[in-house]
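Every read-out reported here was derived from the displayed coordinates using simple, explicitly stated rules and does not represent laboratory data. Fair warning: this is a prediction, and the values are worked out from it, not measured in the lab. A quick note on method: Cβ atoms are made from the backbone with ideal geometry, for glycine too, and the neighbour counts reach across all protein chains shown.
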Amino acid sequence: MSSKTHQTQREFFTNPTWQAIFESNHFYEFEDIWQFPEQWVEPPNQRRNGWSGVSKIELQSPASERHPVFIKKQFNHNTKTIRHPIRGIPTFSREFSNLQILQQHNIPTAIPLYYGERHHKDGIQAILITQALEGYCSLEQWYQRYRSQHLASWQPVLKAVARSLKALHDKGYTHNCLYPKHIFVNDVPSSSSFTAKLIDLEKAKRNPLRKQRFYKDLARFIRHTRHIAQQDLDYFISQYLSHGKSLKNEAAFYNILEHHVTEYEPILV
């Protein structure tokens, strides 16, 4: 990993190949990327005196190959930490660190390519670039596109989701914002093996309490997928329990999960 550090700026390219691609598109440093016109995927999220938004663009490699990427920019969109209790740090800083850690553990996520931040008197600017998830769509999009006509594929999709979540929890992490739109699966009606990738990891944290790791994420996921048939939900839970580290007391697992699934806010319809 190469890095540049200035008085008010730090940036990281995750590998030389991608750095060469950025430079062939005139992205030499933070300022070049920050000044590039935004092509927002959706309106930026406004919070207090800050904002955060995502653009999708195509870069061209020196060999004229196309490389779609997501460029996430934010200004004064911070989260407080123990080390930075007043001003906080950019939420993208935490997301970049989480992406790197989960990649090391072979947990499917977006691939981080670049992170940079710049401090000045008005606040903190931050940029996170990830490789676009070409060939994938969100779980809610998959459900809307294929569920009715490809019933047999639904359980393999749920199996992939369950295994990715269990892998995350087994490594000691909680996603903390687990909605169907934050889980991406193969954008195909059927497959012999689906993959589920976790995105928007800016709120993910290590959690030493195993019970909290699973019930926070699974309860939120179940609340927001209330239209899943009971037999499919049972299958999802069985796949979660059968993957990775085993739980000593599955009865306690069900009791804790049932206790926390108390509100229903349907997303998949």
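Multiplying the sequence separation of A132 and L241 by 0.36 nm and subtracting their Cα-Cα distance, what value in nm do you get?
Details: separation 109, 0.36 × 109 = 39.24 nm, distance 3.05 nm.
Stretched out fully, the A132 to L241 stretch lengthens by 36.2 nm.
At 0.36 nm per residue, and after removing the present C-alpha to C-alpha distance, how many nm does the segment from L233 to K121 gain when stretched out fully? Let's see the in-between values first.
Details: separation 112, 0.36 × 112 = 40.32 nm, distance 5.05 nm.
Net length gain for the segment: 35.3 nm.
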Task: the chain, helix-only ellipticity at 222 nm - DSSP H runs n ≥ 4, -39,500 (n - 2.57), divided by all residues, nearest 500 - done: -11000 deg cm²/dmol
Open item on the list: Ignoring solvent entirely, what values of log10 I(q)/I(0) come out of the Debye formula for the stretch 133-183 at 0.12, 0.14, 0.23, 0.28 Å⁻¹ when each Cα is a single scatterer?
Closed with: -0.30, -0.41, -0.95, -1.16
Open item on the list: Using each residue's phi in the stretch 193-210, evaluate 6.51 cos²θ - 1.76 cosθ + 1.60 at θ = phi - 60° and report the 3J(HN,Hα) Karplus result to the nearest Hz, with x for Gly and Pro.
Closed with: 7, 7, 10, 10, 10, 9, 10, 6, 9, 5, 9, 5, 9, 5, 9, x, 8, 4
Open item on the list: Please report, in whole Å³, the volume per residue of the convex hull around the C-alpha atoms of the stretch 2-131.
Closed with: 123
Task: Debye, to nearest 20: dipole size of the chain, +1 on Lys, Arg Cβ, -1 on Asp, Glu Cβ - done: 1080
Open item on the list: Report, in listed order, any pair from K56/K121; K56/K159; K73/K203; K159/K245; K73/K216 with a Cα-Cα distance greater than 19 Å.
Closed with: K56/K121; K56/K159; K73/K216
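Take the Cβ-Cβ distance between I57 and R10 as r, set R0 to 22 Å, and report the resulting FRET efficiency rounded to the nearest 0.05.
On the way: r = 23 Å, r/R0 = 1.05.
The value I calculate is 0.45.
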- [ ] Determine the relative contact order of the chain: mean sequence separation of Cα pairs under 8 Å and six or more apart, normalised by residue count, in whole percent.
- [x] 15
TODO: In debye, nearest 20, what is the charge dipole magnitude of the stretch 12-115 about its Cα centre with +1 on Lys and Arg Cβ and -1 on Asp and Glu Cβ, if you could check?
DONE: 660
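For L209, L168, L241, what ranking results if the residue with the fewest other Cβ atoms within 10 Å of its Cβ goes first?
By the 10 Å Cβ count, ascending: L209, L241, L168.
Compute and list, largest first, the equivalent-ellipsoid semi-axes of the stretch 107-252 from the alpha carbon gyration tensor, each √(5λ) rounded to a whole angstrom. Write out the running numbers ahead of the final one.
Working: eigenvalues 157, 89, 33 Å².
Semi-axes (√(5λ), whole Å): 28, 21, 13.
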Task: ³J(HN,Hα), Karplus 6.51/-1.76/1.60, whole Hz, each residue of the stretch 11-16, x for Gly, Pro - done: 8, 9, 9, 6, 7, x
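Remind me, what semi-axes does the chain give for its equivalent ellipsoid, largest first in whole Å, using sqrt of 5 times each Cα gyration tensor eigenvalue?
Details: eigenvalues 233, 99, 56 Å².
Semi-axes, largest first: 34, 22, 17 Å.
Explain nothing, just the number: dipole magnitude of the stretch 136-260 about its Cα centre with +1 on each Lys and Arg Cβ and -1 on each Asp and Glu Cβ, in debye rounded to the nearest 20.
Details: 20 positive and 10 negative charges, 95 e Å.
With only Lys, Arg, Asp and Glu charged at Cβ, the dipole is about 460 debye.
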